[in-house]
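Bear in mind that the values in this text are calculations on the coordinates, not laboratory data. Just so it is clear, the model here is predicted, and its values are computed rather than measured. Reconstructed Cβ throughout: ideal geometry from the backbone, glycine too, with neighbour counts over all protein chains shown.
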Amino acid sequence: MKFIPFFVIIPLAAAFLIALLGKWIRRFPEILSTLIAFVLLALSLNTIKPVIRFGTLVYKMGGWPQPLGISLVIDGLSIFVLVLINLIAFLTLLYAFGYIKKFTEVWKFYSLFMLMLAGLNGVVVSADFFNFYIFLEVASIAAYCLVAFGIAAEDLEAAFKYAVMGSLASLFILLGIGIIYSYASSLNMADVALILADKPNVILIGFVSVLFLVGFSLKAALVPFHAWLPDAHSSAPTPVSAMLSGVVIKVLGVYTLARIFFNVLGVSNKLLFVLMILGILSMVIGAILAIIQNDTKRMFAYSSISQIGYIVFALGIGTPLAILGALFHLFNHAVFKSLLFLNAGAIEEASGTRQLSKLGGLNVKLPVTGWTSLVGAMSISGIPPLGGFWSKFIIIFAAVQAGYISFAIIAVIVSIITLAYYLKFQTFAFWGKPMVNFGLVKDITFSMKLATVILALICIFSGLLLCPGLKDFLYSAANVLSSPLNYKFSALLAP
Amino acid sequence: MYFLCLILFCIGLYCVARKRNIIKIIIGLGIMEYAVNLFFILLGYRTQGRAPILSKNQEILNMVDPLPQAIVLTTIVIGLALMAVVVSLAVRIYEKYGTFDITKIRRLRG
């Protein structure tokens, strides 16, 4: 499978080219990076079919045999996340076309964005621990710089907080990798999984699990570790906050957590219980903090914490149905949260403020933004025909089926709170009496409208992923996590 | 020796968590990173081992593990990039706020 490294090489080369030429040629960074993201999206969509047919695709770097050399692996879960990353990246870049003009030195933004994309794709395709760590760092360092891109005082403060927390998390993960290497003498994930299954060592696995859990919870901003997220996500430029909230916390936090715990270390009941508690805590506290916010982006950031709580809670239930629900919710959340962030950015661009109390009546002036954010808000709070309903329904149904009825009731209540704060957002921003300076509100550019409309359409139709014909995409991803042995053997034995 | 690494890691963690000065937090991050690097080096170390270089006329009996060394080189480079980012952020923060004290750099709340 020759094309797998291109997921990393293409954005990396684009970042280099933009840094080299972007300063001299006008409009070159914008056009090149949007084109690159589109090519990557097409490539990942094109890979779905072979993955579903063959199960696992492996690329061996330099032709070295598997446990020794570095290999890149794409299986059902990887391709699921790859499609998600490149879809959101393409749409946010499309949006950035109209948005980014207010900054100077635009080429730096695009160069960093491409580096972040390379890092994210790399995390998903790499199959050994050390490359995994390197790509994790590439993505995170690019993200720290992007958060500080506006260099206002708040941006710098948020970026510093994010950088300290993020690098702390990376160091915990690196220490965990070191301990695993000392025991298994191998860095290949499938090989390590086999060795750990052969001679289990409870104390060592327990210690490493704690290190990884702290690291990935910091990256995913689960509740005791969430302090950096609202600052970073609300201070970043809008396309970046959409990318951070929609993709980065999921790839660096949730995907890595799922991959390492479910496929490599193996899950125990204790670990699942811890995940469930973390999920419930994030769900409840995120929702409660979101409802008292007055800043739109900050409200969405807290809402991200709450929705990540749903995903981790569903992973913690651990039944195949719950894992399916978790992955489906991951997809839906990426789509509607980036839609909502892009709309918050559009409101800020048009009216000059993010404070809900100062906004009002914008539906007349910004009809596209108003209707698309209504779709996003309905989807995130689980109104039936939209995608968000189906994923939440699966999660709650799985919780009841597994016997956690009280937790299921909490999940339903949190869903109602979610509806409440999105209704607050809609009423204050789009309905109600017109704001002060209503005459000064200007309409947003075409590229911003196009990106939000596409996202809203995906929101409406994402429930169709459960239909026959399309469901293989979701089911092959869920299978990787619910049958861990499958990954170990297929990744090692695949041609 | 491994125990000393762990102590060094904890010193760095304490420094990041408890200190109020931005520069001291950055130094704490540096200490943690060196602790992890030292841990990797110790993993590959064998007493009286020699470098694992293949040559025709000698047989190598006792050699150190080369993989952790390669890993540490890469980690140092990543750490350098991280330090550059964090220190330049600190410089910019000093320009904007006029202080390194994190209790005074609190414009984001809620």
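So if I take the alpha carbon set of chain B, get Rg, then get Rh from the Kirkwood formula, what is the Rg over Rh ratio? The partial results should precede the final answer.
Working: Rg = 19.7 Å, Rh = 16.6 Å.
Radius of gyration over Kirkwood radius for chain B works out to 1.18.
Which order do peptides A:212-223, B:20-31, A:444-455 fall in by mean Cβ count within 10 Å, highest first? Display every interim value, and only then the final one.
On the way: A:212-223: 25.0, B:20-31: 18.0, A:444-455: 20.4.
My ranking of the peptides, most packed first, is A:212-223, A:444-455, B:20-31.
If the viscosity is 0.890 mPa s and the temperature 25 °C, what translational diffusion coefficient in µm²/s does Stokes-Einstein give for the stretch A:158-200 when Rh comes from Kirkwood over Cα pairs?
Working: Rh = 11.8 Å.
It diffuses with D of about 208 µm²/s by this estimate.
Cα centroids of the stretch A:70-96 and the stretch A:2-17: how far apart, whole angstrom?
For the stretch A:70-96 versus the stretch A:2-17, the Cα centre distance is 13 Å.
Quick one: if the Förster radius is 41 Å, what FRET efficiency do A:Leu204 and A:Asn46 give, using the C-beta to C-beta distance and rounding to 0.05? Please list the in-between numbers first.
Working: r = 41 Å, r/R0 = 1.01.
So, using R0 = 41 Å, E works out to roughly 0.50.
What does the average come to when, for each residue of peptide B:38-47, you count the partner chain Cβ atoms lying within 10 Å of its Cβ? Present the calculation step by step, with values, prior to reporting the outcome.
Values: counts 0, 5, 6, 0, 2, 5, 2, 0, 0, 0.
Per residue, the average neighbour count from other chains is 2.
Fully extended, how many nm does the chain gain between B:Tyr45 and B:Glu95 (0.36 nm per residue separation, minus their Cα-Cα distance)? Walk me through the numbers on the way to the answer.
Details: separation 50, 0.36 × 50 = 18.00 nm, distance 4.50 nm.
Roughly 13.5 nm would be gained on extension.
May I ask you to order A:140-147, A:313-320 by the average number of other C-beta atoms within 10 Å around their residues, highest value first? It would help to have the intermediate numbers written out before the result.
Numbers: A:140-147: 25.1, A:313-320: 23.1.
Those peptides, ordered most packed to least, come out A:140-147, A:313-320.
In a shell of Cβ-Cβ distance under 12 Å around A:Ala184, excluding A:Ala184 itself, what net charge do Lys and Arg (+1) and Asp and Glu (-1) give? Numbers along the way, then the final one.
Details: positive: A:Lys199; negative: A:Asp128, A:Asp191, A:Asp198.
Every neighbour counted, the sum reads -2.
Set Lys and Arg Cβ to +1 and Asp and Glu Cβ to -1, take the dipole of the stretch A:6-493 about its Cα centre, and tell me which of A:Met165, A:Leu211, A:Phe80 lies farthest positive.
Looking along the dipole axis, the top candidate is A:Phe80.
Just counting partner chain Cβ atoms within 10 Å, what average do the residues of peptide B:5-18 show around their Cβ?
Values: counts 2, 1, 0, 0, 3, 0, 0, 2, 3, 0, 0, 5, 2, 0.
Mean shielding by partner chains, rounded to a whole number: 1.
Compute the angle between helix A:484-493 and the longest alpha-carbon principal axis of chain A, please, reported from 0 to 90 degrees and rounded to the nearest 10.
With both axes taken from Cα atoms, the answer is about 70 degrees.
So for the pair B:Lys19, A:Val453, with labels modelled 7 Å out along Cα→Cβ, what separation do we get in nm?
5.4 nm
Restricting to Cα atoms and excluding each atom paired with itself, what does the Kirkwood estimate give for chain A in Å?
Numbers: mean 1/r = 0.0445 Å⁻¹.
About 22.5 Å, per the Kirkwood formula over Cα pairs.
With N denoting the number of residues in the stretch A:158-306, provide Rg(C-alpha) divided by 2.2 N^0.38 Å, to two decimal places.
1.13
Size of the dipole of chain A about the Cα centre, Lys and Arg at +1 and Asp and Glu at -1 on the beta carbon, nothing else charged, in debye to 20?
Charge dipole of chain A: 660 debye, to the nearest 20.
Report the normalised scattering of the stretch A:1-59 as log10 I(q)/I(0) at q = 0.14 Å⁻¹, calculated by the Debye formula with identical scatterers on the alpha carbons.
Debye intensities relative to I(0), on a log10 scale: -0.48.
Could you please tell me the mean projected area of the C-alpha convex hull for the stretch A:83-139, averaged over all directions and given in square nanometres to one decimal?
Value for the stretch A:83-139: 4.1 nm².
On a 22 Å Cα-Cα criterion, which of the cross-link pairs A:Lys60/A:Lys250; A:Lys250/A:Lys449; A:Lys199/A:Lys250; A:Lys161/A:Lys358; A:Lys101/A:Lys250; A:Lys161/A:Lys219 come out too long?
Where the Cα-Cα span goes over 22 Å, the pairs concerned are A:Lys60/A:Lys250; A:Lys250/A:Lys449; A:Lys199/A:Lys250; A:Lys161/A:Lys358; A:Lys101/A:Lys250.
How large is ³J(HN,Hα), in whole Hz, for each residue of the stretch A:197-210 in order, when computed from phi with the Karplus curve 6.51 cos²θ - 1.76 cosθ + 1.60 and θ = phi - 60°, using x for Gly and Pro?
Using θ = phi - 60°, the values come out as 6, 5, 10, x, 9, 5, 5, 4, 5, x, 4, 5, 4, 5 Hz.
Given only helices, namely DSSP H runs of n ≥ 4 each adding -39500 (n - 2.57), what is the per-residue ellipticity at 222 nm of chain A, to the nearest 500 deg cm²/dmol? Walk me through the numbers before you get to the answer.
Working: 19 runs with 350 residues, N = 495.
So the helix-based figure for chain A works out to -24000 deg cm²/dmol.
Could you state the angle between the C-alpha long axis of helix B:2-18 and the longest principal axis of the C-alpha atoms of chain B, as a value from 0 to 90 degrees rounded to the nearest 10?
Approximately 10 degrees, to the nearest 10.
Can you work out the FRET efficiency for the pair A:Ile413 and B:Ser55, with r the C-beta to C-beta distance and R0 = 60 Å, to the nearest 0.05? List each step's numbers first, then the result.
Numbers: r = 70 Å, r/R0 = 1.17.
E between A:Ile413 and B:Ser55, to the nearest 0.05, is 0.30.
Counting only C-alpha contacts under 8 Å and six or more residues apart, can you give the relative contact order of chain B as a whole percent?
Values: 106 pairs, mean separation 27.9, N = 110.
Rounded, it is 25 percent for chain B.
Please pull out the direction-averaged projected area of the stretch A:329-390, using the convex hull of its alpha-carbon atoms, in nm² to one decimal place.
On the way: hull surface 17.2 nm².
Result: 4.3 nm².
Ratio of the stretch A:50-174's C-alpha Rg to 2.2 N^0.38 Å, to two decimals? Show your work: numbers first, answer last.
Values: Rg = 17.1 Å, N = 125, 2.2 N^0.38 = 13.8 Å.
Rg over 2.2 N^0.38 Å, computed on Cα atoms: 1.24.
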